[in-house]
């Protein structure tokens, strides 16, 4: 019986700690995609260094020890990446992170198959999901979405036949 009582006490303590962390009233971090740079890949994969701007609207710094990302385009998974980069985002501040992202050949084929009905000038929806990992109570999950608007190309040098 004492073991059961000890286990119940530990469980109650853990539950109350979890409840206290949910009452902190922290605003979510804002994460925006701000750049892509090509990286060398292996075989048929494509790799990019994704630049993320992380903004912290809270009164305390947000510390992290790793980053994980998933990118979806047109409702389909396209790329993923992880980094053990650590640091912190200062209170009411921002920082830029670089995370390597891999796109497999299978993902490219899936996107090409899904783009069969795509027309130039049509917006293409994307969603970026990830987390800044910082331990048991300080992991910050984020998501960002929007559309990629590819411009239609018309040549400024197009000539009409003269009658």
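The values are calculated or read from the model by the stated rules, or taken from the named source; none is laboratory data. Just so it is clear, the model here is predicted, and its values are computed rather than measured. FYI the Cβ positions are ideal-geometry reconstructions off the backbone, even for glycines, and counts take in every protein chain you see.
A few points about this structure:
- Residue in region 118-145 that is modelled with the highest pLDDT, counting only those that are surrounded by fewer than 14 Cβ atoms within 10 Å (Cβ to Cβ) and part of a strand (DSSP E or B): 141
- For the residues 79, 115, the requirement of being outside any strand (DSSP E or B) and either surrounded by 16 or more Cβ atoms within 10 Å (Cβ to Cβ) or at pLDDT below 85 (or both) singles out 115.
- Taken over region 56-67, the criterion of being part of a strand (DSSP E or B) and surrounded by fewer than 16 Cβ atoms within 10 Å (Cβ to Cβ) is satisfied by 63, 66.
- Matching residues, region 89-106, being over 24 Å from residue 38 (Cβ atoms) and over 17 Å from the mean Cα position of the chain (by Cα): 90, 91, 92, 93
- Residue in region 91-100 that is assigned to a loop (DSSP other than H, G, I, E, B) and touching a strand residue (DSSP E or B) at 6+ places or on another chain (Cβ under 9 Å) present: yes
- Flag for residue 38 being in a strand (DSSP E or B) and modelled with pLDDT under 90: no
- If you check 44, 33 for being closer than 27 Å to residue 111 by Cβ, touching a residue at least 40 places away in the same chain (Cβ under 8 Å) and part of a strand (DSSP E or B), only one passes: 33.
- Condition check for residue 109: assigned to a helix (DSSP H, G or I) and either surrounded by 15 or more Cβ atoms within 10 Å (Cβ to Cβ) or more than 12 Å from the chain's Cα centre (by Cα) (or both): yes
- The conditions of being closer than 20 Å to residue 39 by Cα, within 12 Å of the chain's Cα centre (by Cα) and modelled with pLDDT of 75 or more are met by residue 71.
- Every pair of residues 6+ apart whose Cβ atoms lie under 7 Å, when the first sits in region 75-93 and is on the phi > 0 side of the Ramachandran plot and without any contact (Cβ under 8 Å) to a residue 40 or more places away in the chain while the second is surrounded by 14 or more Cβ atoms within 10 Å (Cβ to Cβ) and part of a strand (DSSP E or B): 87/64; 87/95; 92/56
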